[in-house]
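Peer 1: Here it is, the structure in full.
The values are calculated or read from the model by the stated rules, or taken from the named source; none is laboratory data. Values in this document were obtained by computation on a predicted structure and should not be read as measured data. Counting neighbours? That spans all protein chains shown, and the Cβs are built from the backbone with ideal geometry, glycine included.
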Amino acid sequence: MEEYMNEVERRLMPYIESGEADRFLIRASRSFSNLANFNTGVAVFVLSDWDERRSAWEIMPEVRAKLADLPGITAFPVMRQGFGARIAKPVQFVIGGGSYEELAQWRDILLAKIEENNPGFEAIEWDYKETKPQIQVRIDYDRAAELGVTVGNIGRTLETMLGSRRVTTYLDRGEEYDAILEGALERQRTPASLENIHVRSSRTNELIPLSNVVSLSEFADSTALNRYNRVRSLTIEANLAEGFALGNALDHLNALVKEHLPVTTVVDYKGQSRDFTRSGSSIFFVFLLGLAVVFLVLAAQFESYVHPFIILLTVPLTIGGGLLGLYLTGNTLNI
């Protein structure tokens, strides 16, 4: 990852040298949380003043082209949102369901349909990626019962040897301290380390190798299991091609969900997509409220409920006549 990030820095440094960008921060991992995930990285540009550079919308496709041929990674530019400091793509489409395995299947269906007919989505990404290797421990309950090993003992042993467990506290010079048990870190590096862990039988009081009562299987899972509005969720993010509106993008995704996913699928939005849907749903209400206010003002002015109707009905005709006149005379109207 360090090699990739150095190459990204080398390719983007000309923007600093040309003066179009003031500062350039490059970081791996991408997240600023306590969870270190070093297969992601982020490069943050602080552009110069508007009169000293091109438009950011011209720079973004150029950056995308400079990084497109890097093998092994997916690189894409993202514009910071207008409100707040959050950096996210405009399309933030959330699907919710009963299990993450089910959500992964639905994600693959949507991505396949988008690939078949992509109206303008770019740099598609999702937050549930099976990229983190994990080990699943399966207990042989019959074998454990024969040997007198309880599930509680197995769980506490794994917790202590592979993590840590507070067992008690003690006082020293008026201060209380925790007594924590944990296994040696050098013995936790491979799945084979579990074979060196023993559990005590409640029947014979002997130590039994853990490998006698459990089986291990490796699998890949996501680094984070996200929820949205208390529902297991997965977010699909994307940039938009020039000329492809956010409303059309969300309508397209909703149509795919309605056509190819079960009716139990929960659909929601984040970020700019959520702002768009909220503001879009309120436009009609604001329009009606404006008409009501204008009607009441005119009614108070003319002391009649008939004249305001006549005046309001003539407004669309007046606008249409003005536009028709501009069209017939060959004049252009720039809005």
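Peer 1: Are any residues in the stretch 150-186 part of a helix (DSSP H, G or I), over 16 Å from Val213 (Cα atoms) and touching a residue at least 12 places away in the same chain (Cβ under 8 Å), and if so, which ones?
Peer 2: Selection gives Thr160, Met161, Leu162.
Peer 1: What residue, among those in the stretch 242-275 that are part of a loop (DSSP other than H, G, I, E, B) and hydrophobic (A, V, I, L, M, F, W, C), is nearest to Gln105 (Cα to Cα)?
Peer 2: Filtering the stretch 242-275 for residues that are part of a loop (DSSP other than H, G, I, E, B) and hydrophobic (A, V, I, L, M, F, W, C), the one nearest to Gln105 (Cα to Cα) comes out as Leu261.
Peer 1: Inside the stretch 276-290, can you point out the residues that are surrounded by 11 or more Cβ atoms within 10 Å (Cβ to Cβ) and either over 28 Å from Gln105 (Cα atoms) or at pLDDT 90 or above (or both)?
Peer 2: Gly280, Ser282, Leu289
Peer 1: Collect the residues in the stretch 210-220 that are loosely packed, with under 14 Cβ neighbours inside 10 Å and either small (Gly, Ala, Ser) or in contact with a His (Cβ under 9 Å, 6 or more places away or on another chain) (or both), keeping them in residue-number order.
Peer 2: Scanning the stretch 210-220 gives Ser215, Ser217, Ala220.
Peer 1: I would also like to ask the following. Would you pick out the residues in the stretch 267-284 that are under 18 Å from the mean Cα position of the chain (by Cα) and more than 16 Å from His252 (Cα to Cα)?
Peer 2: The answer is Lys270, Gly271, Gln272, Asp275.
Peer 1: Among the candidates Asn239, Asn205, single out the residue that is assigned to a strand (DSSP E or B), modelled with pLDDT under 90 and either farther than 20 Å from Leu162 by Cα or not assigned by TED's automatic domain parsing to the domain that holds Gly148 (or both).
Peer 2: Asn239
Peer 1: Next question. Which residue, of Gly247, Gly174, is modelled with pLDDT under 90, loosely packed, with under 13 Cβ neighbours inside 10 Å and within 30 Å of Ala123 (Cβ to Cβ)?
Peer 2: Answer to the check: Gly247.
Peer 1: Here is a further query. Just to be sure I understand, how many residues within the stretch 93-149 are in a loop (DSSP other than H, G, I, E, B), touching a residue at least 40 places away in the same chain (Cβ under 8 Å) and farther than 21 Å from Asn226 by Cβ?
Peer 2: 5
Peer 1: Just give me the residues in the stretch 262-274 being closer than 14 Å to Leu234 by Cα and hydrophobic (A, V, I, L, M, F, W, C), in sequence order.
Peer 2: Selection gives Val266, Val267.
Peer 1: Something else: Confirm whether Ile135 is surrounded by 15 or more Cβ atoms within 10 Å (Cβ to Cβ), out of contact with any Phe, Trp or Tyr (no Cβ under 6 Å at 6 or more places or on another chain) and hydrophobic (A, V, I, L, M, F, W, C).
Peer 2: no
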